[in-house]
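Chemist: Let me begin by handing over the structure; questions about it come next.
The values are calculated or read from the model by the stated rules, or taken from the named source; none is laboratory data. What you see is a predicted model, and the numbers here were worked out from it, not measured in a lab. We place every Cβ from the backbone using ideal geometry, glycine too, and count neighbours over all the protein chains shown. Just so you know, the surface numbers come from the protein's heavy atoms only, side chains and all, with ligands and any DNA or RNA stripped out. Shrake-Rupley method; radii C 1.70, N 1.55, O 1.52, S 1.80 Å.
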Amino acid sequence: MRFPGNKKLLLGNEAFALGAFYGGARYGTGYPGTPSTEILENFSKYPGVLAEWAPNEKCAFEAAHGASLAGTRTIVTMKHVGLNVAADPFVTSVYSGVNAGLVLIVADDPGFHSSQNEQDSRHYARLAYAPVFEPADSQEAFSMVVEALNLSEKYDTPFVVRSTTRVSHSSSLVEVDFEPMEPENRPYTKNPEKYVMVPSYARKRKELLLKRFEALKEYSEKSPFNSVEWGHSYIGIISSGVAYHYAKEAFPDASFLKLGFTYPLPEKLIRSFASEVELLLVVEESDPILETEIRSFGINVFGKEYLPEVGELTPDAVAQAISNLLKEKRTNTYHISWMPKSPVNDLPARAPVLCPGCGHRNLFFVLKKLRAKVMGDIGCYTLAVNPPLSSMDTCTCMGAGIGEAHGFSKAIQKTSDEKIAAVIGDSTFVHSGITGLINAGYNRSNILIIILDNRTTAMTGHQPHPGTGKTLMGENTFELDFENLAKVCGADYVRTVDPYDLKETEKVLKEAQAAKGVSVVVARRPCVLYQRTEEGYYSIDLDACTDCGACLLLGCPAISRFDEKIIISSDLCTACGACAFVCRFDAIFKIEEVK
Amino acid sequence: MSATNIIIAGVGGQGNIAASKIIGEAALMLGYDVKITETHGMAQRGGSVHSMVRFGDKVFSPLIPKGACQYLLSLEILEGLRWVEYLKDGAFLIVSTEIRPPYSVSVGKDHYPQNIEEIYSKYGQLLMVPAKELASKAGSTRSANIVMLGCLAYLTKSINSEAWIESIKRRFYGKEKVIEINLNAFQLGYEFASNSDRGR
Ligand SMILES: Cc1ncc(C[n+]2csc(CCOP(=O)(O)OP(=O)(O)O)c2C)c(N)n1
C-alpha cells in the first residue's frame, strides 16, 4: 500500500474557500449561482470568518469593497451572469483599488449546465483592467486565491479568479504545506483622491491604473503560475484553466505553455515559447480571448478554427483539434488513443422537473387554465416552461419578468386590457424584482405579479435570503414582508394564497386579473425539499381510474403511466394532494401511513 | 498504472455524488491520484445526472475521453445507455433494474427501448442488478447506490475491501445506523456480483 501523505480530495469550490481562509480572508459575501454557490457556503464554516449572502451581486461586491477598505481581506463570489449585475461597482473599484486584499471569484458556465448564457467573464476583467487568474484544478483553486489575496494588496487592485463549471464542480487532490495566514491589521485612512471617484480624481486614478498594469505585466512574466513544459518542438500548446488538462490528456508529449495568470499576458514568455515551436495552438474554455490577444502580438496561432465555439471543451474535442491541425499543416500524424463507440440514439430525454409536492406546479397549473401570458424569470419555477405545464412565455435574466410584463402591457394598452402576468421567485424578487415593481407602480401598469414564495432560494440548493429571516451563518434576522412592501411600492391589489389550495388559488388569481392596476399575489408554500408538511402518500384505485390522464397533466414525477396503468410511486409522493383534486372520478385517495 | 475510469449515470436524487465520492476517497487512501466530476444545480431536479471518477498514478482531465471508460454504473435501467459512447473494449456494465419512467414515457410519447439488456451487452460484460431490492433487504432503498458499489468492488480489483469499508464509514461519519445499512448494502452487492460470476 502506498502512503497518501497529507492530500485531501476537494471539490474546486471547497478549495477556493480553503484558499480564502488560508490567505487570511475573514469576510466573504456573494449571491448564490451555479456553479459558484458552494464557495461561500464552505467559507462560512471556517473559524473567525463572517460570510453573508447579499440580496444580489451588486450589493455583495459593494460590501466586499467596503470591507477591504476597512482593512479586512475579503472574497466575493458569484456566477458569470452575476458579474453583469455587479459590473458597475466592479469596474470603478479597480480605479480606487483596495486596502486589504480583495478577490472576486467568478464562475463561468461553458456548456450551459445551469445558465441562460455562456458569457466569458474574462471580457469584464479586460474592460476593467482587473488582473485574472485561471485555475485548472482544485490545487490551483486553493493556491491562486491565496496568491491573489497577497497580490491584491501588493498591487492595490481587486483580483479576479475565474473558475468554470469543470473547475468548480470537479474534485481533485489538494496539498497544503503552510499554516493559515493570520489577518494583518491594515487601518483605514481617509483618502478621497483614491476612494471618491469624481472626474478629477478618477482621471488621476486611471493614469495610476495604467502604471499598475505595466507592473502586473512584469509579474506575469515571472509568475510561478505561468510555466513552460518542453516536449515535441513541432507543436506548442498554450492553454489556461481546465482546458490545459484536456490538452495534456490528448497529447502529453506536446510542448506546453501553461498560463495560470492570464491578464495581463506574459508577452515575452509567449514570444520565446512561440519561437521554439513550429505550430502554435491555443486551447482555452469559452471565447478566443487569449488567442486574439496573442495574435495581436503578431504571433501566428491557431485556435477556435479547430475547436468548438459553442459549449464546453472536452479532451475529445481537443484531441480532434490537434489531429486536424497536424494533418493539415504537417506530415507528423498523431493517433488519438481512444475510439468512441457508437452511441444509442433516440433515447427518451429526461429533463429536470418540478419535484413531487412542489407548490410552483399548482400555481402554473392554474395559470395555464386561465390562459395567461406569463413573463417568466429564473429559478426552479422556470421548469414550468416544459410540458405539460407549458406556461411561460419568456425568461431572460433575474428580475426581467416584471419589467417585460410592464412593457408588454404598455405596448398593448390601447387595444387590449389583457392583464399580463409576471412570475418571480422569492429570492429573485429580492435580487432584482423590487425595482421592477416600483416601476410598475410609478408608471401605472396593468399587470399581475405573482411572487412564488417557497421561503428559500431552492434552485441553487436552499440558501436563505432576506425574505426568510435567516442568515448564512444560521442566525435569525429581520424578515422582509413582501405584502407590505408591495403596498408601499404602489400595488393596488395584494393577496396571499397557499398554492396547495388549488380552488382558492384559482379564485384569487381570477380576482387579481380582474382588478385594475398593479396586482400582487404572494403564493406562499415552503419548498417541499426544505420543509415537508404533509405525511403519508396518495394512491390510485385502479377500478375507479378511467385512465383519462388528467392527473398526468400536472407533470408530477411521482405519477406515471407504465404498462398501461397509471400509478403513483409511494417513494416519491409527498402527499400534496394536487392529483386527488384534479381527479374527476375520485380514484385517488390518501394513505395516512407514515413511512 | 493507466487511469481507471468509471461513469455513474442515474436520475437526480439517486445518490450519484455520494457514490463517486466514496470511490474517490477509497482510491485516495491507496495513494492514487484522483479526479471526479459531477452534476450539480438544475439537473438535480429529477433530470439525468452523471459523474465521472478517474484514478491512477496521474490523472489529467476530469472528463473521461470517449472510448476510455472501463466501468459504467447505471443506477436506473435506461440512464447508462446515454454513456455507452464512452466505453472501452471489454468494459464492465453494472446496470440497476430499477425503472423510473421520464415524463415523455409516462404520457406515451416515448418508449424505453425494447431490448435494453441486449443493447448493453453489445458494449461489454453486463451485470444486471436488482439494486433496489437488495438495498431494501439491507435496510433502506436509498442505499441502492451502495449496492452498485459493492458490485463494482467485486469487479475492479484495484481497490481493496478495507479501503472501501473505511471510505463508506467516513462518508456517513457519525451516523451509525446509516453506516450499518450501507455496509450491508455494499456486502449484498459484492455477493450478488460474485454469485453471478460463478453462475456464468
Ligand atoms: C444574476 C444571477 N445571479 C444568480 C443566478 C443563479 N440563480 C438562478 S435562479 C436563482 C434564484 C432562485 O430562487 P427563487 O427565485 O427563490 O426561486 P426557486 O428556485 O426557489 O423556485 C439563482 C440564484 C442567475 N441566474 N443570475
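Chemist: Using a Gaussian network for chain B with springs between C-alpha atoms less than 10 Å apart, which of these wobbles most: B:His50, B:His40, B:His111?
Modeler: Maximum among the listed residues: B:His111.
Chemist: Another question, if that's okay. Which distance in nm do the two modelled labels at A:Asp498 and A:Thr92 give, with both placed 7 Å along the Cα-to-Cβ direction?
Modeler: 4.7 nm
Chemist: Further, regarding this structure: What ranking, highest mean first, results for peptides B:100-106, A:476-482 when packing means the other Cβ atoms within 10 Å averaged over each residue? Show your work: numbers first, answer last.
Modeler: Working: B:100-106: 21.3, A:476-482: 13.0.
Ranking the peptides B:100-106, A:476-482 by packing returns B:100-106, A:476-482.
Chemist: Using the basic label-point model (7 angstrom from Cα toward the beta carbon), what is the A:Gln413 to A:Arg444 distance in nanometres?
Modeler: 0.7 nm
Chemist: Rounded to the nearest percent, how much of the accessible area of region A:537-591 (1.4 Å probe, protein heavy atoms only) is carbon and sulfur? Present the calculation step by step, with values, prior to reporting the outcome.
Modeler: Details: 1350 of 2670 Å².
Answer for region A:537-591 is 51 percent, counting heavy atoms of protein chains only.
Chemist: Using only alpha-carbon positions, what ratio does the radius of gyration of region B:1-95 give when scaled by 2.2 N^0.38 Å? Please list the in-between numbers first.
Modeler: On the way: Rg = 12.6 Å, N = 95, 2.2 N^0.38 = 12.4 Å.
Against the empirical 2.2 N^0.38 Å value, I get 1.01 for region B:1-95.
Chemist: Go ahead and set up a Gaussian network model of chain B, Cα springs under 10 Å, then flag whichever of B:Gln187, B:Gln14, B:Gln125 fluctuates most.
Modeler: Maximum fluctuation in the GNM of chain B, among the listed residues, is at B:Gln125.
Chemist: Please compute the per residue accessible area over the protein assembly as shown with all protein chains in place, 1.4 Å probe, rounded to a whole number of Å².
Modeler: Values: 31340 Å² over 795 residues.
It amounts to 39 Å² per residue over the protein assembly as shown.
Chemist: So what is the relative contact order of chain A, in percent, for Cα pairs below 8 Å that sit 6 or more residues apart?
Modeler: Working: 1263 pairs, mean separation 61.7, N = 595.
Value for chain A: 10 percent.
Chemist: Can I ask one more? Pairs B:Lys21/B:Lys169; A:Lys58/A:Lys211; A:Lys217/B:Lys58; B:Lys35/B:Lys157; A:Lys373/A:Lys590: which are spaced more than 24 Å apart, C-alpha to C-alpha?
Modeler: On the way: B:Lys21/B:Lys169 12 Å; A:Lys58/A:Lys211 27 Å; A:Lys217/B:Lys58 33 Å; B:Lys35/B:Lys157 19 Å; A:Lys373/A:Lys590 34 Å.
Among B:Lys21/B:Lys169; A:Lys58/A:Lys211; A:Lys217/B:Lys58; B:Lys35/B:Lys157; A:Lys373/A:Lys590, the Cα-Cα distance tops 24 Å for A:Lys58/A:Lys211; A:Lys217/B:Lys58; A:Lys373/A:Lys590.
Chemist: For a quick size check, give me the Cα extents of region A:537-591 along its three principal axes, largest first, whole Å.
Modeler: 23, 22, 19
Chemist: Could I ask something else about it? Taking the convex hull of the alpha carbon atoms in the protein assembly as shown, what volume per residue do you get, in Å³? Working shown, then result.
Modeler: Details: hull volume 144.9 nm³, N = 795.
It is 182 Å³ per residue.
Chemist: Still on this model: In degrees between 0 and 90, to the nearest 10, how far off the longest principal axis of chain A does helix A:80-96 point, with axes built from Cα atoms?
Modeler: That works out to roughly 50 degrees.
Chemist: Report the FRET efficiency, 1/(1 + (r/R0)^6), for A:Val198 and A:Trp230, where r is their Cβ-Cβ distance and R0 is 60 Å, rounded to 0.05. Each step should come with its number before you reach the end.
Modeler: Values: r = 52 Å, r/R0 = 0.86.
The calculated FRET efficiency here is 0.70.
Chemist: Something else: Sorted by mean Cβ packing within 10 Å, highest first, what order do the peptides B:143-149, A:429-435 take? Before the final figure, lay out the partial values.
Modeler: Values: B:143-149: 29.1, A:429-435: 23.1.
Highest mean packing first, the order is B:143-149, A:429-435.
Chemist: Want the number for A:Asp346 to A:Glu511: 0.36 nm per residue separation, take away the alpha-carbon distance, what's left?
Modeler: Working: separation 165, 0.36 × 165 = 59.40 nm, distance 4.51 nm.
Between A:Asp346 and A:Glu511, full extension yields 54.9 nm more.
Chemist: Let me ask something else about it. Taking beta carbons within 10 Å but only from partner chains, what does the mean come to for residues A:306-319? Walk me through the numbers before you get to the answer.
Modeler: Values: counts 0, 0, 0, 0, 0, 0, 1, 2, 5, 8, 9, 0, 2, 2.
Mean partner shielding for this stretch: 2.
Chemist: Could you give the dipole magnitude of region A:537-591 about its Cα centre, charging the beta-carbon of Lys and Arg +1 and that of Asp and Glu -1, in debye to the nearest 20? Don't jump to the answer; show the numbers that get you there.
Modeler: Details: 4 positive and 7 negative charges, 40 e Å.
The dipole of region A:537-591 has a size of about 200 debye.
Chemist: Sorting check: for A:60-67, A:569-576, A:174-181, which peptide has the highest mean count of neighbouring beta carbons within 10 Å, and how do the rest follow? Intermediate values should be presented prior to the final figure.
Modeler: Working: A:60-67: 23.2, A:569-576: 19.1, A:174-181: 12.8.
Ranking, from highest mean packing down: A:60-67, A:569-576, A:174-181.
Chemist: Which of the lysines could be linked to B:Lys109 by a straight reach, that is with a Cα gap under 17 Å, when you skip same-chain ones fewer than 8 residues away?
Modeler: Excluding near neighbours in sequence, the set is A:Lys565.
Chemist: To continue, here is another question. At a Cα cut-off below 19 Å, give the lysines reachable from A:Lys304, other chains included and same-chain residues fewer than 8 away excluded.
Modeler: A:Lys248, A:Lys258, A:Lys327, A:Lys329
Chemist: Given R₀ = 25 Å, what would the calculated FRET efficiency be for A:Thr546 paired with A:Ser390, taking r from the Cβ atoms and rounding to 0.05? Before the final figure, lay out the partial values.
Modeler: On the way: r = 24 Å, r/R0 = 0.96.
Efficiency at R0 = 25 Å is approximately 0.55.
Chemist: Which shape class, rounded, prolate or oblate, goes with chain B when its Cα gyration tensor gives a ≥ b ≥ c as root eigenvalues, a/c under 1.5 marks rounded, and past that a/b bigger than b/c marks prolate?
Modeler: Rounded shape, in that the Cα axes give a/c under 1.5.
Chemist: Under the definition of partner shielding as Cβ atoms of other protein chains within 10 Å of a residue Cβ, what is the mean value for peptide B:106-113? Working shown, then result.
Modeler: Values: counts 13, 8, 4, 2, 5, 2, 3, 4.
That works out to 5 on average.
Chemist: For region A:4-222, build the charge dipole from Cβ charges (+1 Lys, Arg; -1 Asp, Glu) around the Cα centre, then report which of A:Val91, A:Tyr219, A:Tyr27 sits farthest towards its positive end.
Modeler: Positive-most Cα among the choices belongs to A:Val91.
Chemist: Quick one: with all protein chains in place, what share of the accessible area of region A:359-524 is carbon or sulfur, to the nearest percent (1.4 Å probe)?
Modeler: Values: 3510 of 6540 Å².
Whole-percent figure for carbon plus sulfur exposure: 54.
Chemist: How large is the charge dipole for the protein assembly as shown, taken about the Cα centre, if only the Cβ atoms of Lys, Arg (+1) and Asp, Glu (-1) carry charge, to the nearest 20 debye? List each step's numbers first, then the result.
Modeler: Numbers: 82 positive and 91 negative charges, 176 e Å.
Its charge dipole is roughly 840 debye.
Chemist: Still on this structure: Can you classify region B:65-126 as rounded, prolate or oblate using the Cα gyration tensor, where a ≥ b ≥ c are the square roots of its eigenvalues, rounded means a/c under 1.5, and otherwise it's prolate if a/b beats b/c and oblate if not? Mind dumping the intermediate values first?
Modeler: Details: a/c = 2.29, a/b = 2.11, b/c = 1.08.
Prolate, since a/c reaches 1.5 and a/b exceeds b/c.
Chemist: Going by the alpha-carbon gyration tensor, a ≥ b ≥ c the square roots of its eigenvalues, is region A:226-329 rounded (a/c under 1.5) or, if a/c is not under 1.5, prolate (a/b greater than b/c) versus oblate?
Modeler: Values: a/c = 1.35, a/b = 1.15, b/c = 1.18.
The shape class here is rounded.
Chemist: Right, next: Got a sec? Which residues of region A:137-177 lose 50 Å² or more of accessible surface with every protein chain in place, vs. that chain alone, 1.4 Å probe?
Modeler: A:Arg166, A:His169, A:Ser171, A:Leu173
Chemist: With r defined as the distance between the Cβ atoms of A:Ala70 and A:Val488 and R0 fixed at 35 Å, what FRET efficiency is calculated, to the nearest 0.05? Each step should come with its number before you reach the end.
Modeler: Values: r = 32 Å, r/R0 = 0.92.
Computed FRET efficiency for A:Ala70 and A:Val488 comes out at 0.60.
Chemist: Next question. What total accessible area, in Å², is buried where chains B and A meet, using a 1.4 Å probe and rounding to the nearest 100? Could the numbers behind the result be given before it?
Modeler: Working: alone 10020 and 26440 Å², together 31340 Å².
Buried: approximately 5100 Å² between A and B.
Chemist: Let me ask you something else. With no solvent and one point on each alpha carbon, what is the Debye value of log10 I(q)/I(0) for region A:459-518 at q = 0.31 Å⁻¹?
Modeler: After summing over all Cα pairs, the log10 values are -1.14.
Chemist: Note the direction-averaged projected area, equal to a quarter of the hull surface, for the Cα convex hull of region A:314-458, in nm².
Modeler: Values: hull surface 58.7 nm².
Over every viewing direction, the Cα hull of region A:314-458 projects on average to 14.7 nm².
Chemist: While we're on this one: Might you report the magnitude of the Cβ-based charge dipole of region A:85-214 about its Cα centre, with Lys and Arg at +1 and Asp and Glu at -1, to the nearest 20 debye?
Modeler: On the way: 14 positive and 19 negative charges, 192 e Å.
That gives a dipole near 920 debye.
Chemist: Considering only protein heavy atoms and a probe of 1.4 Å, how much of the accessible area of region A:226-329 is carbon and sulfur, as a whole percent? List each step's numbers first, then the result.
Modeler: Numbers: 1660 of 3460 Å².
Roughly 48 percent, rounded to a whole number.
Chemist: If the viscosity is 1.567 mPa s and the temperature 4 °C, what Stokes-Einstein diffusion coefficient in µm²/s follows for region A:4-222 when Rh is the Kirkwood radius over Cα pairs? Each step should come with its number before you reach the end.
Modeler: Working: Rh = 17.1 Å.
Roughly 76 µm²/s, to the nearest whole number.
Chemist: Multiply the residue separation of A:Asn185 and A:Thr331 by 0.36 nm, subtract the distance between their alpha-carbon atoms, and state the gained length in nm to one decimal. Can you show the working numbers first?
Modeler: Working: separation 146, 0.36 × 146 = 52.56 nm, distance 6.09 nm.
Roughly 46.5 nm would be gained on extension.
Chemist: For chain B, list the DSSP H helices whose alpha carbon atoms reach 24 Å or more along the long axis and whose average Kyte-Doolittle value is -0.5 or above?
Modeler: The answer, listed by residue number, is B:176-199.
Chemist: If you don't mind, there's one more thing I want to ask. Across the residues of A:335-343, average count of Cβ atoms on other protein chains within 10 Å? Let's see the in-between values first.
Modeler: On the way: counts 0, 3, 4, 9, 6, 8, 14, 4, 7.
Rounded to a whole number, the mean comes out at 6.
Chemist: What's the extension gain from A:Lys222 to A:Asp177 if we count 0.36 nm per residue and subtract their Cα-Cα distance?
Modeler: Values: separation 45, 0.36 × 45 = 16.20 nm, distance 2.20 nm.
Here the answer is 14.0 nm.
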